[in-house]
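Scroll down for the structure; my scribbles are underneath it.
What follows is calculated from the coordinates using simple rules that are stated; it is not laboratory data. Here the structure is a predicted model, which is why all the values come from computation and not from measurement. Cβ atoms come from the backbone with ideal geometry, glycine included; neighbour counts cover every protein chain shown.
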Amino acid sequence: MHFLHALIEGSRAAFLSIRAHGLRSFLTTLGIIIGVASVITVVAIMNGLSSNIRGQLDDLGSDMVTIRAYTTPDQELLGFRNKLSDSDFRLLQSKLGQVEQISRMMPAFSLGLSVSYGRSSTQTQLLGADSAYQNVVRIYPQQGRFLTAQDDLKRRRVAFIGHSLIQKLQLPANPVGHYISLSGDWFRIIGVAEKRGSLFGFDQDNYIITPFSTATAINGPDNLQVEISYRPKPGADAAQIERQVRSLLRAKAGLSASEPDHFELVSSEKTKAQFDKVLDSVTWVAAGVVGISLLVGGIGVMNIMLVSVTERTKEIGIVKALGATPQFILLQFLVEAIVLSLFGGLIGLILGYGFAALMSLLMPGMPDALVPLWAVVLAIGFTSVIGIVFGLAPAIKASRLNPIDALRFE
Amino acid sequence: MTVPVIQLQQVGKQYEMAGETFHALSDVSLDIHANEYVAIIGPSGSGKSTLLNILGCLDTADSGSYLLSGNAVASMAENQLATLRNQQVGFIFQSFNLLPRHSVLQNVMQPLVYRLMSAAERERRALAALQRVGLFEKKHHLPNQLSGGQRQRVAIARALVTEPAILLGDEPTGNLDSKTTADIMQLFDELHRQGHTIILVTHEQEIADHCQRVLRMVDGRLVADQRKQSHAGVLESAEQSMLQHTNNLASATRLLV
């Protein structure tokens, strides 16, 4: 009964005090808002980015392996540049047993290539690929068809285009059969790929794929650069295939045991592992930023609380003279600190979430804001503890003083 | 004779200052009865405020005993002291000590917050107290919207609202001009007539002149305790006539039996 009374009256007094000291309450809350909002924003963005990237890596398919030329830094210093050739591809194609699909691709050999249709033109990248490429990489046509073996054989000037070129070149809704100009050469559009969206703000649908032979002809045989991709048969031993690839390619290049590989094998598993490593270090940096935000918020709260000690000590002296018990005073201050902390935390949460949502709206490719519970608990918990400790500590001290000493406190 | 409201016996208080012990109060013994109107005077540093703070339980004595309405203050725990301050003492400060951001009404209701009392009852009593000091109209003002005299009236209302056994004023007119001082003293006189026990600390003779009894302090000691002859005489004759009545009553009873 007595405690209930003290709780009700203490809370009433706390709310009265919060309202009466509007500026102080606002500034205290502001510190907490800043701390919580920044934590939530950073964590939401980090979380969203990583889940987005993981999702996209999963889309690539976990079992695809790409073999590409690799030049060690030492070799690079000496002016070497390793290459894989069409004959490497043919060797693997004929010798690799457990492989379901294997394809070769000439990577973007002319970046910033100009393509035009009618009066519109844009920059794009041109790749050369064979007909198996779509099954390995899993790019499927939304309209028309992918390249065929016939296209490759006859070195046809045909183009399979990424989805965003329709808009960029103001092509008709179904552009199959229309011609586009690539540095003065005309290519017939045979198909449009399904949309892939963007990653880190990079458009992934801005490309043109032509038959491998056509690309070779345009690029000239000297500049031939081949990337080989394959997909193991279901249940096949991926490591064994990799060993086979390695020995075949090394034997063909005549490398001695001490020489390093002139190629590298990239699987999306490996990419994922690398990405996780990067993500880990980014997370540490973010944790630092979060820590600093919390510290700044915490110091803000601390300052306001400590600055008002004189005023509050005097106030405590007055109410002690009027008959307030130490418990009552502490209860009032506790309620006040908790209410301010929770209120600030809630506003910070809403603001932080709002910022994160705004970011994902403004940045193309950013996913929806995701806020994990631990971030909420951490942010609100930390600032609340600071608010409560620094709000209560002076009150504890003052409530133990003789009223007359509290009244004289300067 | 009735039991005194205040009984002090050999009360002492020391402070350590720069390694030296300073005796703020030494060996003060004193009785004050209900409805007395007492002034404590003396030069600054004589210990008169220290004495008043101890009487109001705002400070505690280092030695001696103090009974307030029969409660032994020296042996009390902090919570009991708080209850005593709340129920027995109305303290009025020189600098008013109102809560600056609370309205006049909230300030006057404040001491009742520490009692089991409904908010409606608190407000009713606070309004009645404001009525008594003539500030009913200003109930929603903030202290800084009032004059010094009005603020002191609010403080007096706050002291009165708990119906305390003693009203203590530490230089209650020290911050006020002479006109306002006269008004406030008139209020104290009236409260005394209504039956309140009032103890004022002052260094002004004019204030002390309002009181029936003047305690003079020098260097922490009580050096004089003067009762005004007129008042004392009235009291004495009242006592005698009461004795007379009691005797008459006793003989009448005997006759009846």
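What the table below lists for this structure:
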item	result
Longest site-free stretch - chain A; sites: chymotrypsin sites (Phe, Trp or Tyr not before Pro), DSSP loop, at most 13 other Cβ within 10 Å	A:201-410
Chain A: proportion of alpha-carbon pairs further apart than 27 angstrom, %	66 percent
Kyte-Doolittle mean at least 1.6, axial Cα span of 15 Å or more - DSSP H helices of chain A	A:326-362, A:373-400
In region A:218-300, the trypsin sites (Lys or Arg not before Pro) that fall in loop regions by DSSP, at most 13 other Cβ within 10 Å	none
Cα-based radius of gyration of region A:236-381 once divided by 2.2 N^0.38 Å, which approximates compact folds	2.00
Violating pairs (Cα-Cα greater than 21 angstrom) within the set A:LYS314/B:LYS138; A:LYS95/A:LYS233; A:LYS83/A:LYS252; A:LYS83/A:LYS277	A:LYS314/B:LYS138; A:LYS83/A:LYS277
Which of B:LEU127, B:LEU8, A:LEU295 has the fewest Cβ neighbours within 10 Å, and the rest in rising order	A:LEU295, B:LEU127, B:LEU8
Column: log10 I(q)/I(0), Debye, Cα scatterers of chain B, q = 0.09, 0.11, 0.13 Å⁻¹	-0.45, -0.66, -0.88
Check: region A:71-261 dipole with +1 on Lys, Arg Cβ and -1 on Asp, Glu Cβ, in debye	520 debye
Per-residue mean of C-beta atoms belonging to partner chains within 10 Å, peptide A:12-19	2
Lys, Arg +1 and Asp, Glu -1 on Cβ, resulting dipole of the protein assembly as shown about Cα centre, debye, nearest 20	1880 debye
12 Å beta-carbon shell around A:ARG231, net charge (K/R +1, D/E -1)	0
Backbone N within region A:301-338 under 20 Å of label point (7 Å from A:LEU23 Cα along the Cβ vector)	A:301-316
Residue-averaged beta-carbon neighbours from other chains (10 angstrom radius) around B:104-117	4
Net charge contributed by nearby residues that have their C-beta within less than 12 Å of A:GLN123 (K/R +1, D/E -1)	0
Average beta carbon contacts from partner chains per residue of B:80-88, 10 Å cutoff	4
FRET efficiency estimate (nearest 0.05) - Cβ-Cβ, A:ALA393 to B:GLN205, R0 56 angstrom	0.75
Around B:GLN186: net Lys/Arg minus Asp/Glu count, Cβ-Cβ under 15 Å	-2
Modelled FRET efficiency - R0 60 Å, B:ALA77 with A:VAL296, Cβ distances, 0.05 increments	0.90
Per-residue Cβ neighbour rank within 10 angstrom, fewest leading, A:ILE386, A:ILE209	A:ILE386, A:ILE209
Sorted by Cβ neighbour density within 10 Å, fewest at the top, the residues A:VAL226, B:VAL218, A:VAL278, A:VAL136	A:VAL278, B:VAL218, A:VAL226, A:VAL136
Compactness relative to 2.2 N^0.38 Å, alpha carbon Rg of region A:189-297	1.63
Amide proton proximity set for B:PHE91, modelled H, under 5 Å, gap of 5+	B:LEU168
At q = 0.13, 0.19 Å⁻¹, base-10 log of I(q)/I(0) for region A:71-261 (Debye sum, equal scatterers on each alpha carbon)	-0.76, -1.30
